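Since the structure comes first, as structure tokens, the remarks are kept for the end.
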Number of protein chains: 2
Amino acid sequence: MVVDRTADLGLGQPKTDRVAGVTRALILGGGMIGSAMAADLAGDMDVTVADIAPDVLAAIAQRWKVATQVEDLGVPERVRGLAADFDIVLGALSSRMGLATLDAVIEARTPYVDISFMADDPLTRNAAAQAAGVPVVVDCGVGPGLTSMLAGHAAKTLAPCDRIEILVGGLPERRTWPYEYKAAFAPRDAIEEYTRPARMREHGREVVYDALSGCELVDLPGIGTLEAFHTDGLRTLLQTLDVPNLREKTMRYPGHAALMKVLRDTGFFGEAPIDLDGTKVVPLALTEALLFPQWQYDPDEADLTVLRVEAHGRPGGTPTTLRWDMLDRRDAASGLRSMSRTTAFPATLVARLVAAGRFTRPGVHPPEVLGAQPGILDEVLAGLRARGIEVTRTTR
Amino acid sequence: MVVDRTADLGLGQPKTDRVAGVTRALILGGGMIGSAMAADLAGDMDVTVADIAPDVLAAIAQRWKVATQVEDLGVPERVRGLAADFDIVLGALSSRMGLATLDAVIEARTPYVDISFMADDPLTRNAAAQAAGVPVVVDCGVGPGLTSMLAGHAAKTLAPCDRIEILVGGLPERRTWPYEYKAAFAPRDAIEEYTRPARMREHGREVVYDALSGCELVDLPGIGTLEAFHTDGLRTLLQTLDVPNLREKTMRYPGHAALMKVLRDTGFFGEAPIDLDGTKVVPLALTEALLFPQWQYDPDEADLTVLRVEAHGRPGGTPTTLRWDMLDRRDAASGLRSMSRTTAFPATLVARLVAAGRFTRPGVHPPEVLGAQPGILDEVLAGLRARGIEVTRTTR
């Protein structure tokens, strides 16, 4: 059964009992996303970035006015201890650290906005967050994240909403044989997208496709032709939205999915060790060692992020289609790549709302719940626009 | 400078001083090719098959009337000791054992016919074989082997011969995504073909291409469309033939070369160990472990072998094109695959000539030298025809 979690969000004006002063924000992870979060918040909050790599932190501290702290964030106790000292925490770690980090921040009773694409269901921590009395927003990047907010908004606006399709992709501007792809976030999470079973909903029933299946060509203005294939990007939408048809696809330059399917089905993404003359080798570990250097963006290399969310419904009996399109490119001025910006800014914009006391309801909330509140979506879209990211809306 | 090695081959009638009786033949290797050699010679010679794997030998002994011997043929001394007891030796080992085995058999002073696709130049052992007083024929499979004989014949018949192009491929009848390929000989040697620099001759000069380059589509009667790409299959032809333009390509179902290029250029065929968290891993070793089980023929699975040798010359001033075509399919009666048959039978037919004392000249000889003698080529082609392998010749 689908629960309407969009009813009461506690959205409102700043609480009067809030302590005045500058918000102390902790960013977990100084990678591609974490550094964009730092860039966005540095002027307005008292920001500390924590990461295990001193060189990564040094590079961030050189560019933006933030404090840094070397910390092994793979140890939940360290995260908990650290988080307790801050007013808000933003998570920019890889998906494999997602759930343990979520637990640690909840235990620290600090409000949390996370972009981790964790394999586990973060809503299982809702009761824990409620008990701790802290608001947590998960999956709050671009897709899931911005796409989820748009879907949540569409489901509410178009009710009864019959169908939502989400297409999203992050790509290098320059196409280089053979993969025509670079990883603008943890490359291991890119491969995760190609291996996790992809859950969709069709006619009210959940169906599971192979990742990389359902590959079709899509023409997009300003880009040309991309391919779009099933990935497991619906996540909490499958629980939160009362929409019988939900589909999510990732977009790449045509040909990429076929190569990934070859590698995956040959066994190169395997996580079970193979015995090679007495040595245990995890195929994925070797594949990562070979592939990731080739998937790394050059320092000044430009990328783009593209998304389309299309929804169909019959509000008041009138067949209506709502569509949002976004095509964002690397910002030369800040040097931040598009994927870093479009992933980090939904999180920083929501973190600003939380820090301002405008979203305080305890519990673990997915972005679609926020998007169903017109006030929040409008504010996030305005914030993105102010940061040069235009999401255009078409109604038919 | 190109040496004409085709002049005096010592081809003739059986020597009168030859000891009467049944020839004792040793086959080195009981794999896909060695077992086909055993099948062909079992009725006519006293055959022993040597291999390191007892189960492989047991399967051969059960089917054909041959003796077997378990032996580690990777130890040259064992090969030498064994070879000394026989009248003739046939080599059916993987290319990496080729040169050491060649040396061992020459030291044993036993005539030798080998199909190994060794990376080294076997003609460097010519003086040793001459000194030992034994005839040796190397590269005596289908391509190199039969194709080399045809090229040697064409170069002589069409003199001055301007251009020879060799196309050859072994393929499963059933095309299975993604590779549409199975290895009908040592699969490591199939990958060798995709990594060795491919030497060609153009306008009298040697040029080296990347393996897998120059990929083009070829329509072939009875098959449809295949792709053909550069591989290093000319081998000794570059030394022995006075033909200014020589090209060799391997054929596969379209798309195979591109996938191999992706794997190779990503590093999956690398032989230098990579450090994975302290464990040294050779990428090729993992790739073989993943790929080869998928490249293995099912027991009764059918294959085909296709070759085309086309030569252009101006004998007596008249522009003339000679072309040989062969399309062979698995023999259901014997259960031997086409690639096993077409690779083994050129060797067994030449071994019969040697054993009969009809080719006795000491030295290391490539097949094109034999092919330039119409007597030998005709006999080999007749022998192949008697075994159901038809090579059709077209003259324009």
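When the solvent-accessible area of the range B:311-367 is split by element, carbon and sulfur atoms take up 50 percent of it, the probe being 1.4 Å. Rolling a 1.4 Å probe over the heavy atoms of the protein chains gives the range B:277-347 an accessible area of 37 Å² per residue. Comparing each chain alone with all protein chains together (probe 1.4 Å, DNA, RNA and ligands left out), the residues of the range A:240-266 losing at least 10 Å² of accessible area are A:Leu259, A:Lys261, A:Val262, A:Leu263, A:Asp265, A:Thr266. Both numbers refer to the Cα atoms of the range B:278-391; Rg and Dmax are 19.5, 68 Å.
Our Cα-only numbers for chain A put the radius of gyration and Dmax at 20.3, 68 Å. Panel values: the range B:41-165, Kirkwood radius from alpha carbon pairs, Stokes-Einstein at 20 °C and 1.002 mPa s, translational diffusion coefficient 135 µm²/s. By its C-alpha gyration tensor, with a ≥ b ≥ c as the square roots of the eigenvalues, how is the range A:301-346 shaped: rounded for a/c under 1.5, else prolate for a/b larger than b/c, else oblate? Prolate. At a probe radius of 1.4 angstrom, the accessible area of the range B:129-263 per residue rounds to 33 square angstrom. Nonpolar atom fraction for the range A:58-117, defined as the carbon and sulfur part of the 1.4 Å probe accessible area, stands at 48 percent. The phi-based Karplus calculation (6.51 cos²θ - 1.76 cosθ + 1.60; θ = phi - 60°) puts the 3J(HN,Hα) values of the range B:272-284 at 7, x, 10, 8, 10, 6, x, 9, 7, 10, 8, x, 4 Hz, whole numbers, x for Gly and Pro. Starting from the label point of B:Glu77 at 7 Å along Cα→Cβ, the same points in the other copies fall at 6.0 nm, in ascending order. Working note: 222 nm ellipticity from helices only, DSSP H runs with n ≥ 4, each -39,500 (n - 2.57), summed and divided by the residues of chain B, gives -9000 deg cm²/dmol to the nearest 500.
Using equal-weight Cα scatterers in the Debye expression, the normalised intensity of the range B:118-268 in log10 at q = 0.08, 0.09 Å⁻¹ is -0.25, -0.32.
Of A:Lys182/A:Lys261; B:Lys249/B:Lys280; A:Lys249/A:Lys280; A:Lys261/B:Lys261, which pairs sit farther than 27 Å apart, going by alpha carbon to alpha carbon? Beyond 27 Å between Cα atoms: B:Lys249/B:Lys280; A:Lys249/A:Lys280. Distances between copies at B:Asp210, taken between label points 7 Å from Cα along the C-beta direction, are 2.8 nm in increasing order.
Scaled to the compact-protein estimate 2.2 N^0.38 Å, what is the alpha-carbon radius of gyration of the protein assembly as shown, rounded to two decimal places?
Expressed relative to 2.2 N^0.38 Å, the Cα Rg reads 1.24.
Summing both sides, the accessible surface hidden between B and A at a 1.4 Å probe radius is close to 2000 Å². Couplings 3J(HN,Hα) for the range A:127-137, derived from phi with the Karplus relation 6.51 cos²θ - 1.76 cosθ + 1.60 (θ = phi - 60°), are 5, 4, 5, 4, 4, 6, x, 10, x, 10, 10 Hz, where x marks Gly and Pro. Centroid-to-centroid, using Cα positions, the range A:29-45 and the range B:264-309 are 44 Å apart. Residues of the range A:158-190 that bury at least 50 Å² of accessible area once all protein chains are present, compared with their chain alone (1.4 Å probe, heavy atoms only, ligands and nucleic acids left out), are A:Trp177.
The values are calculated or read from the model by the stated rules, or taken from the named source; none is laboratory data. Keep in mind that what you see is a predicted model, and the values were worked out from it rather than measured. Positions of Cβ are backbone-derived with ideal geometry, glycine not excepted, and every protein chain shown enters the neighbour counts. Areas reflect the complete protein model, heavy atoms only, side chains present, ligands, DNA and RNA absent. Shrake-Rupley method; radii C 1.70, N 1.55, O 1.52, S 1.80 Å.
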